[in-house]
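Report on the following structure.
The values are calculated or read from the model by the stated rules, or taken from the named source; none is laboratory data. Everything quoted here is computed from the prediction, not taken from an experiment. Cβ placement follows ideal geometry from the backbone for every residue including glycine, while neighbour counts extend to all protein chains displayed.
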Amino acid sequence: MKLLNKLIDQCVNRASGAYKGYLSPKIPKQFTIPLIEEVGHGIDSIPALLHKRLHRDMPRLRFNTPLVICDAITREIAGKKLLKQLEQSGARPRAHIIASNSYAEVEQIFELALKRLAQLESPCAISSTPFDQKYGAIKCGEKRFDIVYGVGGGSVIDVAKYTAYKLNLPFVSVPTSLANDGFASPFAVLNLGSDGTMTLSANTPLAVIVDIELIKSDDSGYQRRIRSGVGDLLSNLTAVLDWKLADLRGKERFESYSAYLATCGARLVIKELLAPREDLFYSAQFLEILACSLMASAEAMSRYGSSRPASGFEHKLYHAYNELTGFKLRATHGELVAVGSLFSCRAHGQNLDDLTKAFRTIGLPIDEAGLQECGIEREILIAAVAAAREVKPGRYTILEEGGVEKLLTALSEIYPAKPG
Ligand SMILES: [Zn+2]
(Lines give C-alpha, C1' and ligand atoms only; values in the text may rest on other atoms or scores of the structure.)
Protein backbone atom coordinates (compact mmCIF):
# COMPACT_ATOMS: atom_id res chain seq x y z
CA MET A 1 0.00 0.00 0.00
CA LYS A 2 2.84 2.34 0.91
CA LEU A 3 4.60 1.71 -2.39
CA LEU A 4 1.38 2.15 -4.35
CA ASN A 5 0.75 5.49 -2.64
CA LYS A 6 4.27 6.63 -3.45
CA LEU A 7 3.91 5.62 -7.08
CA ILE A 8 0.61 7.44 -7.49
CA ASP A 9 2.12 10.40 -5.72
CA GLN A 10 5.02 10.62 -8.12
CA CYS A 11 2.70 10.33 -11.14
CA VAL A 12 0.31 13.00 -9.86
CA ASN A 13 3.08 15.41 -9.02
CA ARG A 14 5.16 14.81 -12.10
CA ALA A 15 2.23 14.98 -14.49
CA SER A 16 0.96 18.23 -13.07
CA GLY A 17 4.36 19.87 -12.78
CA ALA A 18 3.31 21.38 -9.50
CA TYR A 19 2.62 19.94 -6.12
CA LYS A 20 -0.91 18.58 -5.91
CA GLY A 21 -0.39 17.07 -2.52
CA TYR A 22 -1.19 13.46 -3.19
CA LEU A 23 1.19 12.13 -0.58
CA SER A 24 4.61 13.71 -0.32
CA PRO A 25 4.91 17.41 -1.01
CA LYS A 26 7.72 18.68 -3.18
CA ILE A 27 8.87 20.85 -0.36
CA PRO A 28 9.34 19.03 2.92
CA LYS A 29 6.27 19.43 5.06
CA GLN A 30 7.73 18.03 8.20
CA PHE A 31 9.91 20.83 9.49
CA THR A 32 11.84 20.64 12.70
CA ILE A 33 11.10 24.29 13.30
CA PRO A 34 8.81 26.61 11.33
CA LEU A 35 10.47 27.96 8.20
CA ILE A 36 8.97 31.38 8.86
CA GLU A 37 8.22 32.94 12.24
CA GLU A 38 7.08 36.52 12.19
CA VAL A 39 5.68 38.88 14.80
CA GLY A 40 4.42 42.17 13.39
CA HIS A 41 2.05 45.04 14.01
CA GLY A 42 -0.62 45.45 11.34
CA ILE A 43 0.88 43.15 8.66
CA ASP A 44 -0.33 44.38 5.24
CA SER A 45 -0.61 41.02 3.53
CA ILE A 46 0.17 37.63 5.03
CA PRO A 47 0.33 35.83 1.63
CA ALA A 48 2.69 38.50 0.29
CA LEU A 49 4.93 38.07 3.32
CA LEU A 50 4.91 34.30 2.86
CA HIS A 51 5.63 34.57 -0.85
CA LYS A 52 8.49 37.00 -0.30
CA ARG A 53 10.14 34.72 2.23
CA LEU A 54 9.66 31.49 0.25
CA HIS A 55 10.40 32.96 -3.17
CA ARG A 56 14.12 33.30 -2.53
CA ASP A 57 14.68 29.54 -2.16
CA MET A 58 11.73 28.22 -4.14
CA PRO A 59 11.02 30.73 -6.92
CA ARG A 60 8.52 28.51 -8.74
CA LEU A 61 6.51 27.65 -5.69
CA ARG A 62 2.97 29.03 -5.69
CA PHE A 63 0.04 28.23 -3.47
CA ASN A 64 -3.04 28.76 -5.61
CA THR A 65 -5.78 27.01 -3.70
CA PRO A 66 -5.56 27.81 0.01
CA LEU A 67 -8.04 26.57 2.56
CA VAL A 68 -8.67 29.07 5.37
CA ILE A 69 -10.06 27.56 8.55
CA CYS A 70 -11.60 29.87 11.15
CA ASP A 71 -14.57 30.06 13.50
CA ALA A 72 -17.51 32.44 13.28
CA ILE A 73 -15.77 35.09 15.42
CA THR A 74 -12.26 34.88 14.00
CA ARG A 75 -13.67 34.97 10.49
CA GLU A 76 -14.85 38.50 11.25
CA ILE A 77 -11.69 39.55 13.14
CA ALA A 78 -9.12 38.23 10.70
CA GLY A 79 -10.46 35.57 8.33
CA LYS A 80 -12.19 37.90 5.90
CA LYS A 81 -9.14 40.11 5.72
CA LEU A 82 -6.90 37.15 4.92
CA LEU A 83 -9.32 35.87 2.26
CA LYS A 84 -9.21 39.27 0.60
CA GLN A 85 -5.41 39.33 0.74
CA LEU A 86 -5.29 35.85 -0.81
CA GLU A 87 -7.63 36.90 -3.62
CA GLN A 88 -5.49 39.97 -4.25
CA SER A 89 -2.45 37.71 -4.50
CA GLY A 90 -4.16 35.79 -7.34
CA ALA A 91 -5.09 32.69 -5.32
CA ARG A 92 -8.55 31.09 -5.15
CA PRO A 93 -9.09 30.66 -1.43
CA ARG A 94 -11.93 28.85 0.25
CA ALA A 95 -13.05 29.43 3.81
CA HIS A 96 -14.31 26.77 6.18
CA ILE A 97 -15.93 27.65 9.49
CA ILE A 98 -15.64 25.30 12.45
CA ALA A 99 -17.48 25.37 15.78
CA SER A 100 -15.22 23.29 18.05
CA ASN A 101 -12.04 21.22 18.27
CA SER A 102 -13.90 17.94 17.82
CA TYR A 103 -12.53 15.24 15.55
CA ALA A 104 -15.81 15.40 13.61
CA GLU A 105 -14.72 18.85 12.39
CA VAL A 106 -11.48 17.33 11.08
CA GLU A 107 -13.45 14.64 9.25
CA GLN A 108 -15.75 17.22 7.69
CA ILE A 109 -12.74 18.99 6.23
CA PHE A 110 -11.54 15.71 4.64
CA GLU A 111 -14.85 15.54 2.77
CA LEU A 112 -14.28 19.04 1.52
CA ALA A 113 -10.59 18.65 0.71
CA LEU A 114 -10.29 15.25 -0.96
CA LYS A 115 -11.28 14.96 -4.59
CA ARG A 116 -10.87 11.20 -4.94
CA LEU A 117 -8.95 8.12 -3.84
CA ALA A 118 -9.81 9.09 -0.31
CA GLN A 119 -10.16 5.47 0.74
CA LEU A 120 -6.38 5.02 0.82
CA GLU A 121 -4.49 5.82 3.96
CA SER A 122 -0.80 5.85 4.70
CA PRO A 123 0.33 4.73 8.17
CA CYS A 124 0.93 7.35 10.83
CA ALA A 125 4.22 9.10 10.17
CA ILE A 126 4.66 10.36 13.71
CA SER A 127 3.57 7.84 16.28
CA SER A 128 4.14 8.47 19.92
CA THR A 129 0.84 7.43 21.49
CA PRO A 130 -1.89 4.84 20.83
CA PHE A 131 -4.09 7.78 19.85
CA ASP A 132 -1.61 8.91 17.21
CA GLN A 133 -1.72 5.37 15.85
CA LYS A 134 -5.50 5.31 15.86
CA TYR A 135 -6.14 8.77 14.40
CA GLY A 136 -2.90 9.77 12.71
CA ALA A 137 -2.90 7.99 9.34
CA ILE A 138 -2.28 10.28 6.38
CA LYS A 139 -5.25 10.69 4.03
CA CYS A 140 -4.28 10.04 0.45
CA GLY A 141 -5.92 11.28 -2.72
CA GLU A 142 -5.88 14.31 -4.93
CA LYS A 143 -6.79 17.42 -3.00
CA ARG A 144 -8.68 20.60 -3.69
CA PHE A 145 -6.20 22.65 -1.68
CA ASP A 146 -2.45 23.12 -1.62
CA ILE A 147 -2.01 24.87 1.72
CA VAL A 148 -4.02 25.26 4.95
CA TYR A 149 -4.28 28.46 6.98
CA GLY A 150 -5.61 28.35 10.54
CA VAL A 151 -6.91 31.71 11.71
CA GLY A 152 -8.05 31.82 15.31
CA GLY A 153 -7.50 30.69 18.87
CA GLY A 154 -6.52 27.28 20.22
CA SER A 155 -9.39 25.19 18.81
CA VAL A 156 -9.16 26.59 15.29
CA ILE A 157 -5.39 26.27 15.17
CA ASP A 158 -5.56 22.70 16.50
CA VAL A 159 -8.17 21.57 13.95
CA ALA A 160 -6.39 23.32 11.08
CA LYS A 161 -2.97 22.02 12.10
CA TYR A 162 -4.18 18.47 12.46
CA THR A 163 -6.14 18.55 9.21
CA ALA A 164 -3.09 19.85 7.36
CA TYR A 165 -1.01 17.06 8.87
CA LYS A 166 -3.53 14.36 7.90
CA LEU A 167 -3.85 15.78 4.40
CA ASN A 168 -0.08 16.10 4.12
CA LEU A 169 -0.28 19.80 3.33
CA PRO A 170 1.79 22.73 4.60
CA PHE A 171 0.18 24.70 7.42
CA VAL A 172 0.28 28.41 8.21
CA SER A 173 -0.68 29.41 11.74
CA VAL A 174 -2.27 32.85 12.16
CA PRO A 175 -3.22 33.08 15.83
CA THR A 176 -5.74 35.59 17.18
CA SER A 177 -4.88 34.63 20.76
CA LEU A 178 -1.71 34.02 22.77
CA ALA A 179 -3.43 31.84 25.40
CA ASN A 180 -0.91 28.98 25.09
CA ASP A 181 2.04 27.84 22.98
CA GLY A 182 -0.10 25.60 20.74
CA PHE A 183 -0.19 28.05 17.85
CA ALA A 184 3.43 27.24 17.00
CA SER A 185 3.79 23.71 18.39
CA PRO A 186 3.78 20.37 16.52
CA PHE A 187 0.84 19.08 18.62
CA ALA A 188 -2.93 19.38 18.36
CA VAL A 189 -5.43 19.02 21.19
CA LEU A 190 -8.61 17.45 19.86
CA ASN A 191 -11.84 16.21 21.32
CA LEU A 192 -11.95 12.56 20.24
CA GLY A 193 -15.49 11.89 21.45
CA SER A 194 -15.58 8.72 23.55
CA ASP A 195 -11.75 8.73 23.72
CA GLY A 196 -11.85 12.11 25.51
CA THR A 197 -9.67 15.12 24.76
CA MET A 198 -6.17 14.14 23.68
CA THR A 199 -2.97 15.73 22.48
CA LEU A 200 -1.99 14.27 19.11
CA SER A 201 1.25 14.64 17.19
CA ALA A 202 0.96 16.81 14.08
CA ASN A 203 3.42 18.76 11.98
CA THR A 204 5.32 21.85 12.90
CA PRO A 205 3.77 24.73 10.93
CA LEU A 206 5.47 25.92 7.75
CA ALA A 207 4.91 29.47 9.01
CA VAL A 208 3.71 31.13 12.19
CA ILE A 209 2.59 34.70 11.62
CA VAL A 210 1.55 36.71 14.65
CA ASP A 211 -0.01 40.09 13.97
CA ILE A 212 -0.23 41.83 17.35
CA GLU A 213 -3.11 43.93 16.00
CA LEU A 214 -5.14 40.71 15.60
CA ILE A 215 -4.25 39.64 19.14
CA LYS A 216 -5.29 42.84 20.92
CA SER A 217 -8.95 42.96 21.75
CA ASP A 218 -11.34 44.76 24.06
CA ASP A 219 -13.63 41.79 24.63
CA SER A 220 -14.19 40.56 28.20
CA GLY A 221 -12.01 37.45 27.82
CA TYR A 222 -8.94 39.24 26.46
CA GLN A 223 -6.98 39.70 29.71
CA ARG A 224 -7.71 36.12 30.70
CA ARG A 225 -6.26 34.87 27.42
CA ILE A 226 -3.08 36.87 27.96
CA ARG A 227 -2.63 35.71 31.54
CA SER A 228 -3.22 32.12 30.38
CA GLY A 229 -0.45 32.48 27.82
CA VAL A 230 1.83 33.81 30.55
CA GLY A 231 0.81 30.86 32.78
CA ASP A 232 1.63 28.31 30.07
CA LEU A 233 4.97 30.01 29.44
CA LEU A 234 5.99 30.27 33.12
CA SER A 235 5.17 26.61 33.64
CA ASN A 236 8.17 25.77 31.44
CA LEU A 237 10.38 26.66 34.41
CA THR A 238 9.18 23.65 36.40
CA ALA A 239 8.89 21.45 33.30
CA VAL A 240 12.63 21.97 32.84
CA LEU A 241 13.34 21.34 36.55
CA ASP A 242 11.50 18.02 36.12
CA TRP A 243 13.48 17.28 32.99
CA LYS A 244 16.79 17.90 34.80
CA LEU A 245 15.64 15.59 37.57
CA ALA A 246 14.79 12.88 35.01
CA ASP A 247 18.29 13.28 33.58
CA LEU A 248 19.85 13.04 37.03
CA ARG A 249 18.03 9.76 37.64
CA GLY A 250 19.06 8.41 34.25
CA LYS A 251 15.48 8.43 32.91
CA GLU A 252 15.78 10.90 30.04
CA ARG A 253 18.61 12.82 28.46
CA PHE A 254 18.62 16.56 29.19
CA GLU A 255 19.30 18.89 26.29
CA SER A 256 20.46 22.28 27.42
CA TYR A 257 19.68 24.26 24.27
CA SER A 258 16.05 23.11 24.07
CA ALA A 259 15.74 23.78 27.80
CA TYR A 260 17.18 27.25 27.32
CA LEU A 261 14.75 27.98 24.48
CA ALA A 262 11.84 26.89 26.65
CA THR A 263 12.81 28.99 29.66
CA CYS A 264 14.52 32.16 28.40
CA GLY A 265 11.15 33.68 27.47
CA ALA A 266 9.71 32.81 30.88
CA ARG A 267 12.57 34.66 32.56
CA LEU A 268 12.09 37.68 30.29
CA VAL A 269 8.38 37.80 31.02
CA ILE A 270 9.01 37.58 34.77
CA LYS A 271 11.38 40.53 34.43
CA GLU A 272 8.64 42.48 32.64
CA LEU A 273 6.13 41.59 35.32
CA LEU A 274 8.41 42.59 38.20
CA ALA A 275 8.51 46.14 36.84
CA PRO A 276 5.14 46.29 35.10
CA ARG A 277 4.54 49.00 32.57
CA GLU A 278 1.36 50.98 32.35
CA ASP A 279 -1.35 49.33 30.35
CA LEU A 280 0.60 46.05 30.46
CA PHE A 281 -2.02 43.99 28.63
CA TYR A 282 -1.89 46.29 25.60
CA SER A 283 1.82 47.08 25.65
CA ALA A 284 3.30 46.33 22.22
CA GLN A 285 6.62 45.37 23.76
CA PHE A 286 5.11 43.03 26.32
CA LEU A 287 2.87 41.31 23.74
CA GLU A 288 5.80 40.93 21.38
CA ILE A 289 7.92 39.32 24.10
CA LEU A 290 5.04 37.00 25.01
CA ALA A 291 4.44 35.98 21.38
CA CYS A 292 8.12 35.32 20.69
CA SER A 293 8.57 33.46 23.97
CA LEU A 294 5.61 31.16 23.26
CA MET A 295 7.06 30.52 19.81
CA ALA A 296 10.42 29.69 21.38
CA SER A 297 8.66 27.33 23.76
CA ALA A 298 6.98 25.54 20.85
CA GLU A 299 10.26 25.49 18.97
CA ALA A 300 11.96 23.83 21.92
CA MET A 301 9.38 21.02 21.73
CA SER A 302 9.79 20.69 17.96
CA ARG A 303 13.56 20.57 18.25
CA TYR A 304 13.58 18.02 21.02
CA GLY A 305 10.87 15.96 19.34
CA SER A 306 8.49 15.78 22.28
CA SER A 307 6.68 18.11 24.66
CA ARG A 308 9.28 17.44 27.37
CA PRO A 309 10.86 20.96 27.42
CA ALA A 310 7.45 22.54 28.13
CA SER A 311 5.57 19.82 29.96
CA GLY A 312 6.34 18.36 33.37
CA PHE A 313 4.29 17.54 36.45
CA GLU A 314 2.09 20.64 36.00
CA HIS A 315 0.96 19.40 32.56
CA LYS A 316 0.29 15.90 33.88
CA LEU A 317 -1.81 17.59 36.57
CA TYR A 318 -3.71 19.54 33.91
CA HIS A 319 -4.55 16.38 31.95
CA ALA A 320 -5.60 14.52 35.10
CA TYR A 321 -7.76 17.44 36.29
CA ASN A 322 -9.35 17.83 32.88
CA GLU A 323 -10.26 14.14 32.80
CA LEU A 324 -11.69 14.28 36.34
CA THR A 325 -14.04 17.05 35.24
CA GLY A 326 -15.18 14.94 32.29
CA PHE A 327 -13.28 17.35 29.99
CA LYS A 328 -15.50 20.21 31.15
CA LEU A 329 -12.73 22.32 32.57
CA ARG A 330 -13.70 25.81 33.75
CA ALA A 331 -10.11 27.05 34.16
CA THR A 332 -7.97 27.59 31.09
CA HIS A 333 -4.99 25.37 30.23
CA GLY A 334 -2.60 28.20 31.14
CA GLU A 335 -4.23 28.93 34.51
CA LEU A 336 -4.19 25.32 35.61
CA VAL A 337 -0.61 24.57 34.56
CA ALA A 338 0.46 27.82 36.26
CA VAL A 339 -1.11 26.68 39.54
CA GLY A 340 0.54 23.26 39.21
CA SER A 341 3.81 24.93 38.41
CA LEU A 342 3.76 27.17 41.48
CA PHE A 343 3.41 24.31 43.95
CA SER A 344 5.71 22.08 41.89
CA CYS A 345 8.30 24.84 42.26
CA ARG A 346 7.86 24.64 46.04
CA ALA A 347 8.22 20.84 45.94
CA HIS A 348 11.47 21.36 44.01
CA GLY A 349 12.65 23.56 46.89
CA GLN A 350 13.00 26.68 44.75
CA ASN A 351 12.67 30.29 45.81
CA LEU A 352 9.20 31.46 44.83
CA ASP A 353 9.43 35.21 45.47
CA ASP A 354 9.77 36.46 41.88
CA LEU A 355 7.38 33.88 40.45
CA THR A 356 4.70 34.78 43.02
CA LYS A 357 5.11 38.51 42.30
CA ALA A 358 4.80 37.82 38.57
CA PHE A 359 1.64 35.77 39.20
CA ARG A 360 0.18 38.64 41.24
CA THR A 361 0.88 41.25 38.56
CA ILE A 362 -0.69 39.28 35.72
CA GLY A 363 -3.58 37.95 37.83
CA LEU A 364 -2.70 34.25 38.03
CA PRO A 365 -3.90 32.48 41.20
CA ILE A 366 -1.72 32.83 44.28
CA ASP A 367 -4.37 31.95 46.88
CA GLU A 368 -7.70 30.22 47.41
CA ALA A 369 -9.65 33.22 46.10
CA GLY A 370 -7.56 33.14 42.91
CA LEU A 371 -8.27 29.44 42.45
CA GLN A 372 -11.98 30.05 42.83
CA GLU A 373 -11.90 32.95 40.42
CA CYS A 374 -10.43 30.65 37.74
CA GLY A 375 -12.94 27.90 38.53
CA ILE A 376 -10.33 25.54 40.04
CA GLU A 377 -11.83 23.29 42.74
CA ARG A 378 -9.60 22.21 45.59
CA GLU A 379 -11.06 18.69 45.91
CA ILE A 380 -10.53 17.98 42.23
CA LEU A 381 -7.04 19.48 42.40
CA ILE A 382 -6.13 17.15 45.26
CA ALA A 383 -7.55 14.14 43.43
CA ALA A 384 -5.74 15.22 40.25
CA VAL A 385 -2.33 15.14 42.00
CA ALA A 386 -2.75 11.41 42.61
CA ALA A 387 -4.37 10.78 39.24
CA ALA A 388 -1.47 12.57 37.50
CA ARG A 389 0.65 9.44 38.10
CA GLU A 390 -1.36 7.72 35.39
CA VAL A 391 -0.70 10.48 32.83
CA LYS A 392 2.36 9.88 30.63
CA PRO A 393 3.72 7.31 33.11
CA GLY A 394 7.09 7.22 31.37
CA ARG A 395 7.72 10.91 32.04
CA TYR A 396 9.72 11.26 35.25
CA THR A 397 8.86 14.40 37.26
CA ILE A 398 8.86 15.69 40.83
CA LEU A 399 5.72 13.56 41.36
CA GLU A 400 7.59 10.32 40.64
CA GLU A 401 10.56 11.58 42.66
CA GLY A 402 8.80 12.84 45.78
CA GLY A 403 5.46 11.04 45.68
CA VAL A 404 1.91 12.33 46.01
CA GLU A 405 2.39 13.40 49.65
CA LYS A 406 5.22 15.79 48.79
CA LEU A 407 3.12 17.51 46.14
CA LEU A 408 0.04 17.68 48.37
CA THR A 409 2.13 19.27 51.14
CA ALA A 410 3.47 21.83 48.66
CA LEU A 411 -0.08 22.47 47.43
CA SER A 412 -1.37 23.15 50.94
CA GLU A 413 1.57 25.42 51.72
CA ILE A 414 1.17 27.53 48.58
CA TYR A 415 -2.63 27.48 48.42
CA PRO A 416 -3.77 26.99 52.02
CA ALA A 417 -7.47 26.23 52.38
CA LYS A 418 -9.53 29.04 53.87
CA PRO A 419 -10.41 28.24 57.49
CA GLY A 420 -13.99 27.08 57.92
ZN1 LIG B 1 0.95 23.89 27.89
Within region 283-312, the residues that are within 14 Å of the ligand (Cβ to nearest atom), within 22 Å of Y222 (Cα to Cα) and among the polar types (S, T, N, Q) are S293, S297
Given the structure, is E401 more than 16 Å from the ligand (Cβ to nearest atom) and under 22 Å from G221 (Cα atoms)? no
Quick check: anything in region 267-278 in contact with a Phe, Trp or Tyr (Cβ under 9 Å, 6 or more places away or on another chain), under 20 Å from P309 (Cβ atoms) and either among the aliphatic types (A, V, I, L, M) or surrounded by 23 or more Cβ atoms within 10 Å (Cβ to Cβ) (or both)? yes
Residue under evaluation I157, criteria (1) away from the ligand (no atom under 16 Å from the Cβ); (2) modelled with pLDDT of 95 or more, criterion not met: (1)
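One line per residue, one yes/no per condition, for (1) within 20 Å of the chain's Cα centre (by Cα); (2) over 28 Å from S297 (Cα atoms); (3) modelled with pLDDT of 85 or more; (4) surrounded by fewer than 18 Cβ atoms within 10 Å (Cβ to Cβ):
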| position | (1), (2), (3), (4) |
| --- | --- |
| Q30 | yes, no, no, yes |
| V39 | yes, no, yes, no |
| K52 | no, no, yes, yes |
| L83 | no, yes, yes, no |
| G90 | no, yes, yes, yes |
Condition met for A383 (outside any loop (DSSP other than H, G, I, E, B) and either closer than 29 Å to F254 by Cβ or touching a Cys at 6+ places or on another chain (Cβ under 9 Å) (or both)): no
Which numbered condition G326 misses (of (1) more than 16 Å from the ligand (Cβ to nearest atom); (2) under 18 Å from the mean Cα position of the chain (by Cα); (3) closer than 26 Å to N191 by Cβ): (2)
State which residue pairs qualify: first residue in the same structural domain as A320 (by TED's automatic domain parsing) and inside region 189-208, second residue part of a loop (DSSP other than H, G, I, E, B) and crowded, with 20+ Cβ neighbours inside 10 Å in any location, beta carbons under 6 Å apart, and separation of 6 or more residues or different chains. none
Among the residues of region 174-194, write down those that are assigned to a strand (DSSP E or B) and either away from the ligand (no atom under 16 Å from the Cβ) or modelled with pLDDT under 90 (or both). V174, N191
Inter-residue pairs, beta-carbon under 6 Å, first touching a residue at least 24 places away in the same chain (Cβ under 8 Å) and assigned by TED's automatic domain parsing to the domain that holds R303 and in region 164-186, second among the aromatic types (F, W, Y) and within 16 Å of the ligand (Cβ to nearest atom), 6+ apart: none
Among K271, K244, which is the only one that is free of Cβ contacts under 8 Å to residues at least 24 places away in the same chain and either touching a helix residue (DSSP H, G or I) at 6+ places or on another chain (Cβ under 8 Å) or in the same structural domain as D181 (by TED's automatic domain parsing) (or both)? K244
Any residue in region 306-327 that's closer than 23 Å to N203 by Cβ and touching a residue at least 12 places away in the same chain (Cβ under 8 Å): show its pairings with residues that are more than 14 Å from the ligand (Cβ to nearest atom) and among the aliphatic types (A, V, I, L, M) at Cβ separation under 8 Å, as long as the two are six or more apart or on different chains. P309/A259; P309/L261; H319/A388
